[in-house]
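Please treat every number below as a calculation from the coordinates, not as lab data. All of these numbers come straight from a predicted model, not from anything done at the bench. Cβ sites come from the backbone with ideal geometry, for glycine too, and all protein chains shown count toward neighbours.
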């Protein structure tokens, strides 16, 4: 039996709430790491990690917004409020792109830093 639109909307609502739990704790972690680096006296040595922290925080906030916008899009399309639906769809897709780009940049920068550090340790 195919789920109704209201059941799909309930699933989207639950995913929206779950995104706060899954993205909130890592956001607190990366914010704390960034704060700890800012408090250090020799923070100039850790500028790459500061950039990674900022990119990860941007990715997590973007992911939270992505779930919220997707739920809003589904809610409007199911409940018949079609004003600005195309603009909302464009924002949802650009938000998903922003999430993917910041996440991938942070991980590639972190991987490159570990790679260069491995050469310094030899």
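Note on residue 45 and residue 119: the model spin-label points, each 7 Å out from Cα along the C-beta direction, lie 2.0 nm apart. With springs only between Cα atoms under 10 Å, which of 41, 14, 68 fluctuates most in a Gaussian network model of the chain? Its mean-square fluctuation being the largest, the pick is 41. Length available on full extension from residue 32 to residue 83: 0.36 nm per residue minus the Cα-Cα distance, which gives 14.3 nm. Any chance you could check the Cα centroid distance between the stretch 77-103 and the stretch 9-70 for me, in angstrom? Each part reduced to its Cα centre gives a spacing of 20 Å. Placing dummy labels 7 Å off each Cα toward the beta-carbon, the span from residue 8 to residue 22 is 1.9 nm. The GNM of the chain, with springs linking C-alpha atoms under 10 angstrom apart, assigns the highest mean-square fluctuation among 13, 76, 43 to 43. Taking only the C-alpha atoms, wrap a convex hull around the stretch 5-121 and report its volume per residue in Å³ as a whole number. In the stretch 5-121, the Cα convex hull volume per residue is 108 Å³. Where only DSSP H runs of four or more residues are counted, the chain gives -31500 deg cm²/dmol as its mean residue ellipticity at 222 nm, each run worth -39500 (n - 2.57). Pick out which of 29, 112, 17 has the largest mean-square fluctuation in a Gaussian network model of the chain, springs linking Cα atoms closer than 10 Å. With Cα springs under 10 Å in the chain, the top fluctuation among 29, 112, 17 is at 112. Its relative contact order, with pairs defined as Cα atoms under 8 Å and 6+ residues apart, puts the stretch 5-121 at 34 percent.
The slack between residue 54 and residue 75, meaning 0.36 nm per residue of separation minus the straight C-alpha distance, is 4.4 nm. Pairs of Cα atoms nearer than 8 Å and 6+ residues apart set the relative contact order; for the stretch 29-92 it is 28 percent.
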